[in-house]
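Data block below; observations after.
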Amino acid sequence: MDIISQYFPDIQGCINNFSINVESIHFNPSNDLLYTHAITEHKKLLLALLLSTSEEDIDKNTKALVHYTIENDIPYLFLYSELLTVARKLLGHLTETHHWEHIDEINRYFAAHEERITALYLQKFLHQLKLKGELRLSHIALMPDKKFMIHYESHIQWILNLIHYIQETKFDDNYPELNPSLCEFGRWMNSTTTSYLLSTSHFNVIEKLHVNLHDLAANVINYCKNKEFRPATLIHLMQRIDYYSLEIGNEIAFLNEIEEGAKDPLTHLLTRRLFNKIMMNTLDISKATGRGFALMMCDLDHFKSINDTYGHAVGDIVLKHFSGILEQNLRKSDYIFRFGGEEFMILLPTTDKKDALFLAQKVCDATAVGEVIVEEIAIRYTVSIGTLAILVDHTLPITQDTIDRYIAQVDEKLYLAKELGRNRVE
């Protein structure tokens, strides 16, 4: 330490030379610190540490510096570069003055500081990251309608599990799923129910961010298991993971807005404007795989008389009631659209004619036995359904005319059900 103390004036001079001048900035001390002021305070704390002469002071000032750095969101790379700058400046001075005998001592001095700072920074940073994740989960839990944010919840929990793995330091094989297609968030992204989002730029961005995030996590696990454990590398990787996580959250928020516009405000089913996009994608899949799918078109029988007799407010209640019947009796992979008025279209992926008729009859029967109670008045209604099984010829060009033709064909089936007496499936 006696040797190092000789160079305290050089250390102080180096840090002062790299200080940021903030004198021209009007600053109200009652407010939170501006970032430039935070950097200035950080440099003071770094200087206090480097000028410490006892183990007690070194320990105290290391904690103060790291705590302040994390609390004010100063990146670890900035802290490390400042330490490196001072070390290089001092080593350069030793070379110029031919004091080579002190080079090893100076190297050990700065290496010891780097090791202490990095180990503590990793510990504090992971703790802060954990608190941030838990706070984000609590915010999502308070949302009245989570929509896609429920899937972001699983993503945040995945990161919390990764943080826990690092903090435990067991470094066994009990780590979070590293395959981006197999984690809970990844399974949602690859599910059939998200196919209508595939052409959405926000969805594509999420997909890339998610793959990058898992790639970083795989490296985190590798570094944890590596005998040459380097906290600095883990800090960098986890900071990138936090960045990607926030970006995914932002994109999910955009998807929520898209989803809000894609849902019918009354029934919360998909709107007709999304039908063409999903239908086009389904036709492409059918053409490529040779597997068929089906359409089901529903129309409530004598719905006009319900509106005329009870009013449109009651008619809306009936529409919501029927949308509930559809959701209860169809599969999660099926797409349900409010097509207009009292008409509903259902797209049934990988479904043949027999299964389509079975599902349609199930909906028809459930509707016929159900009833809507409004002010102690029981309203019963029925539905007519047309079905169409589709198997795409691999030579067929898929255009809007193709889609319109299939809509016309299933509409003809619905019309036939109406003509043959209603409350039936064709």
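In table form, for the structure just shown:
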{"quantity": "The stretch 154-171, subset open to solvent by 40 Å² or more (accessible area, probe 1.4 Å) and not basic (Lys, Arg), residue nearest to the chain's Cα centre (by Cα)", "calculated": "GLN157"}
{"quantity": "Scope the stretch 378-397; condition part of a loop (DSSP other than H, G, I, E, B) and within 22 Å of ILE278 (Cβ to Cβ); matching residues", "calculated": "LEU391, VAL392, ASP393, HIS394, LEU396, PRO397"}
{"quantity": "Qualifying residue in the stretch 323-336 (condition: assigned to a helix (DSSP H, G or I), touching a residue at least 60 places away in the same chain (Cβ under 8 Å), open to solvent by 60 Å² or more (accessible area, probe 1.4 Å) and not small (Gly, Ala, Ser))", "calculated": "no"}
{"quantity": "Helices (runs of 4 or more DSSP H) contained entirely in the stretch 100-215, each with at least 3 residues that are within 30 Å of PHE8 (Cα to Cα) and of a type in the set (Lys, Arg)", "calculated": "103-141"}
{"quantity": "Residue count, the stretch 274-313 (criterion: under 29 Å from the mean Cα position of the chain (by Cα), of a type in the set (A, V, I, L, M, F, W, C) and open to solvent by 20 Å² or more (accessible area, probe 1.4 Å))", "calculated": "2"}
{"quantity": "Residue among LYS362, LYS354 that alone is among the charged types (D, E, K, R), surrounded by 15 or more Cβ atoms within 10 Å (Cβ to Cβ) and in a helix (DSSP H, G or I)", "calculated": "LYS362"}
{"quantity": "Residue that is farther than 17 Å from ILE4 by Cβ and part of a loop (DSSP other than H, G, I, E, B), where the choices are ILE74, ILE70", "calculated": "ILE74"}
{"quantity": "Residue match in the stretch 239-255 (condition: among the acidic types (Asp, Glu) and over 30 Å from ARG116 (Cα atoms))", "calculated": "yes"}
{"quantity": "Positions within the stretch 257-273 being modelled with pLDDT under 80 and either over 30 Å from GLU153 (Cα atoms) or open to solvent by less than 20 Å² (accessible area, probe 1.4 Å) (or both), in sequence order", "calculated": "GLU259, ALA262"}
{"quantity": "Residue within the stretch 365-378 that is touching a strand residue (DSSP E or B) at 6+ places or on another chain (Cβ under 9 Å), crowded, with 20+ Cβ neighbours inside 10 Å, more than 24 Å from SER286 (Cβ to Cβ) and without any contact (Cβ under 8 Å) to a residue 40 or more places away in the chain present", "calculated": "no"}
{"quantity": "Residues that are acidic (Asp, Glu), under 22 Å from LYS332 (Cβ atoms) and assigned to a helix (DSSP H, G or I), drawn from the stretch 242-294", "calculated": "GLU259, GLU260, ASP284"}
{"quantity": "Residue in the stretch 86-99 that is farthest from ARG230 (Cα to Cα), counting only those that are assigned to a helix (DSSP H, G or I) and out of contact with any helix residue (DSSP H, G or I) (no Cβ under 7 Å at 6 or more places or on another chain)", "calculated": "GLU96"}
{"quantity": "Qualifying positions in the stretch 174-193 - over 12 Å from the mean Cα position of the chain (by Cα) and surrounded by 18 or more Cβ atoms within 10 Å (Cβ to Cβ)", "calculated": "TYR175, PRO176, PRO180, CYS183"}
{"quantity": "Any hit, the stretch 120-132, residues being open to solvent by less than 60 Å² (accessible area, probe 1.4 Å) and farther than 30 Å from LEU65 by Cα", "calculated": "no"}
{"quantity": "Search result, residues across the stretch 74-113 that are free of Cβ contacts under 8 Å to residues at least 24 places away in the same chain, closer than 25 Å to THR40 by Cα and charged (D, E, K, R)", "calculated": "ARG88"}
{"quantity": "Matching residues in the stretch 214-256 - criterion: being open to solvent by 70 Å² or more (accessible area, probe 1.4 Å) and touching a helix residue (DSSP H, G or I) at 6+ places or on another chain (Cβ under 6 Å)", "calculated": "TYR223, ARG240, PHE254"}
{"quantity": "Residues (of a type in the set (Val, Ile, Thr) and in a loop (DSSP other than H, G, I, E, B)) located in the stretch 398-425", "calculated": "ILE398, THR399"}
{"quantity": "Of the criteria (1) at pLDDT below 90; (2) under 23 Å from ALA232 (Cβ atoms); (3) not β-branched (Val, Ile, Thr), which one LEU46 fails", "calculated": "(1)"}
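The values are calculated or read from the model by the stated rules, or taken from the named source; none is laboratory data. Here the structure is a predicted model, which means the values were calculated and not measured. Cβ sites come from the backbone with ideal geometry, for glycine too, and all protein chains shown count toward neighbours. Note: areas computed on protein heavy atoms with side chains; ligands, DNA, RNA excluded. Shrake-Rupley method; radii C 1.70, N 1.55, O 1.52, S 1.80 Å.
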